[in-house]
Amino acid sequence: MAQSEHILLPEGSLEKQTTTLNLGPTHPATHGVFQNILEMDGERIMSAVSTVGYIHRAFEKLAERRPLYQITPITDRLNYCSSPINNMGWHITCERLLKVQLPKRVDYLRIIIMELARIADHLICNSIVGVDSGAFSGFLYLMQYRELIYEIYEEVCGSRLTTNIGRIGGFERNFTNTAFEKLEKFLKEYPAVLKEFENLFNRNRIFMERTIGCGPISGERALNYGFTGPNLRAAGVDYDVRVHSPYSSYEDFEFSVPVGTTGDTYDRFLVRNEEMWQSLKLIGDAYKKVQEFKGAEAEVFHADSPAYYLPEKKDVYTKMEALIYHFKIIMGETDIPAGELYSSVEGANGELGFYLISDGGRTPYRLHFRRPCFIYYQAFPELVSGGLLSDAVITMSSLNLIAGELDA
Amino acid sequence: MQPFNNIEMLLTNEAIQQKLTEKFGDALTNWQEPYGMLTFTAPKDLNLKILQFLYDDETLRFQFLTDLQAVHYPEKTGAELAVVYHLHNLVDNVRIRFKVFTDIQTPDVYSATALYQSANFMERETYDFFGVNFVGHPNLRRILNVDEMDYFPMRKEFPLEDQTRIDKDDEMFGR
């Protein structure tokens, strides 16, 4: 709307030409506790001020009082759509600090779990983009399959959302046959579902017109804003931690890193979809490699690091040494080596980093979480300024903002 | 995956250290390589010059700010707060880390927001929790804590647990 079409305000009036609108903190379209104070000119957003911090939980302070293994449940609550990646990222950080070498089978099992988590996360994000653009059916359809992923988590670790999956040095128990059966079921059924989801959206004229050119960002700006993960790749930069600094034996696998060009909502959507295909391929390959282990090797599910990995319960009851280790680990009386370490994994939203400083005590001296969401959220005002209000909503959901990861 | 490993060999930690020493001389100290990441300490008034040099130099190309945060060392008198920068050269896939130390009475450090947009929230978070005053920051307000808060909670003088508790004997367990 042109300036002249506004009602002319009298000289010295305190009224303004624009409208201030609060999008959030609690709004059904923000999918979390975010507040954006928008300056609106009619339907167009002139500027936006983002407020974060509504669910700050002092994780970094908490971590300074906790032994390493007690920090894992904290990491669950960062990006709670893909908790296992956060858990594994933390375990990998600890293992690097403690210089624990993992058996290959554990690495591959971890890849299966991490890629399942990536699918669960991308699936939510993409189907929510659908919901926000008015297509609800994709969401309901995909949700059933997140359930299958959650059942696999449940079979492996006993919980579904905040998983606390795995331990420093491996897994708490071996994967059961049921877990593998559920995995096979998922691998068998999900591709057809994802294909159908893509058929619903990818070339859908309404969806394309709704999302193309919506909240775009150039690769250069995205890098300057500290974007990582699918949002950066949608802008055309092929940075992926799994490839650049491989962890958990990702270097043993072939997979491609999809990139977009414009960095808009449509490209972010397509990149996430393609990443789900790549994750499926990774899971399939990793599962094949897991099946190749025979005999005693097929029973390996943790590294040999008695000082940090809990001994078996029956040993605790019968063996002195195991009892001592059990006591020391549970009470958190094992001193961790002094050191300084930055370790990162490719979270569902980008580079999830752990900066750990240990002074040789029982807890970290300082632990900082590099939360990808927190860093790329600051680009939000730039992404939505000049666009329509409804574009802001869809841009926010396609960035996959997770309040837990934003606030730490 | 192979190409990355090959390129990585070109820009070694030694080469980076040499480049930086040529430029800044003895100002940069405490060179270390904990877990393979080149780490050094710089005077706090040089932080922007170093960031700019690392950004502009044709071979170094550290153009991605991965992380920025602070650490509190109460026992280091005169250098209680450390601001830690993690930079990433995405072309050669090399990471480095550098720290600037500042005293807690005048915790003024130049802001990197002019160079990195991403530093905006990170510096606000660092200010919020440690009270590092980033000079030149466009909007240095609290970000995760409430605006009315009058202390910086991540400093070590604020213990996590209620210190008035007497039911826990810390002599035996924990510090």
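The values are calculated or read from the model by the stated rules, or taken from the named source; none is laboratory data. Values in this document were obtained by computation on a predicted structure and should not be read as measured data. Glycine gets a Cβ as well: all are built from the backbone with ideal geometry, and neighbour counts include every protein chain shown.
Assessment of the stretch A:293-305 against the conditions (out of contact with any strand residue (DSSP E or B) (no Cβ under 6 Å at 6 or more places or on another chain), within 14 Å of another protein chain (Cβ to nearest Cβ) and modelled with pLDDT under 95) yields no matching residue. Listed conditions (1) more than 14 Å from chain B (Cβ to nearest Cβ); (2) surrounded by fewer than 19 Cβ atoms within 10 Å (Cβ to Cβ); (3) assigned to a helix (DSSP H, G or I); (4) modelled with pLDDT of 90 or more are all met by A:Glu251, apart from (1).
Of all the criteria given as (1) surrounded by fewer than 17 Cβ atoms within 10 Å (Cβ to Cβ); (2) within 24 Å of A:Gly347 (Cα to Cα); (3) among the aliphatic types (A, V, I, L, M), the one not satisfied by A:Met208 is (2). Exactly one residue among A:Asp238, A:Asp267 is assigned to a helix (DSSP H, G or I) and within 30 Å of A:Arg203 (Cα to Cα), and that residue is A:Asp267.
The residues of the stretch B:14-47 that are farther than 30 Å from B:Thr106 by Cβ and in contact (Cβ under 8 Å) with a residue 24 or more places away in the chain, listed by number, are B:Ala15, B:Ile16, B:Lys19. Filtering the stretch B:78-100 to residues that are over 14 Å from B:Asp45 (Cα atoms) and basic (Lys, Arg) leaves B:Arg95, B:Arg97. Those residues that are free of Cβ contacts under 8 Å to residues at least 60 places away in the same chain, under 21 Å from A:Pro84 (Cα atoms) and not in a helix (DSSP H, G or I), I need them from the stretch A:126-165; list them, please. Selection gives A:Gly158, A:Ser159, A:Arg160.
Remark: A:Leu200 matches the filter, which requires a residue to be in a helix (DSSP H, G or I), surrounded by fewer than 20 Cβ atoms within 10 Å (Cβ to Cβ) and either in contact with a helix residue (DSSP H, G or I) (Cβ under 6 Å, 6 or more places away or on another chain) or within 14 Å of another protein chain (Cβ to nearest Cβ) (or both). Entry remark, the stretch A:223-236: residues being buried (at least 22 other Cβ atoms within 10 Å of the Cβ) and either closer than 22 Å to B:Gln52 by Cα or not assigned by TED's automatic domain parsing to the domain that holds A:Leu270 (or both) number 5 in total.
Evaluation of B:Asn93 against the conditions (1) within 11 Å of chain A (Cβ to nearest Cβ); (2) without any contact (Cβ under 8 Å) to a residue 40 or more places away in the chain; (3) at positive phi shows that the sole unmet condition is (2).
Selection over the stretch A:1-52 of residues that are among the hydroxyl-bearing types (Ser, Thr, Tyr), under 30 Å from A:Cys81 (Cα atoms) and either at pLDDT 90 or above or surrounded by 14 or more Cβ atoms within 10 Å (Cβ to Cβ) (or both) gives a count of 4. If the condition is being over 23 Å from A:Asp359 (Cα atoms), touching a strand residue (DSSP E or B) at 6+ places or on another chain (Cβ under 9 Å) and not β-branched (Val, Ile, Thr), then the stretch B:88-116 contributes B:His88, B:Asn89, B:Leu90, B:Pro107, B:Asp108, B:Tyr110, B:Ser111, B:Ala112, B:Leu115, B:Tyr116. Listed by position, the helices (runs of 4 or more DSSP H) contained in the stretch A:318-408 that have at least 3 residues being away from chain B (no Cβ under 11 Å) and crowded, with 24+ Cβ neighbours inside 10 Å are A:389-398.
Take the stretch A:19-40 and flag every residue that is in contact (Cβ under 8 Å) with a residue 60 or more places away in the chain and out of contact with any strand residue (DSSP E or B) (no Cβ under 9 Å at 6 or more places or on another chain). Correct list: A:His31, A:Gly32, A:Val33. Being of a type in the set (A, V, I, L, M) and surrounded by fewer than 17 Cβ atoms within 10 Å (Cβ to Cβ) holds for only one residue in A:Ile92, A:Ile85, A:Ile55, A:Ile74, and it is A:Ile55. Exactly one residue out of B:Thr164, B:Thr126 is of a type in the set (S, T, N, Q) and at pLDDT below 90, and it is B:Thr164. Among the residues making up the stretch A:62-100, a single one is within 13 Å of another protein chain (Cβ to nearest Cβ), under 14 Å from A:Phe369 (Cα atoms) and not in a helix (DSSP H, G or I): A:Glu64.
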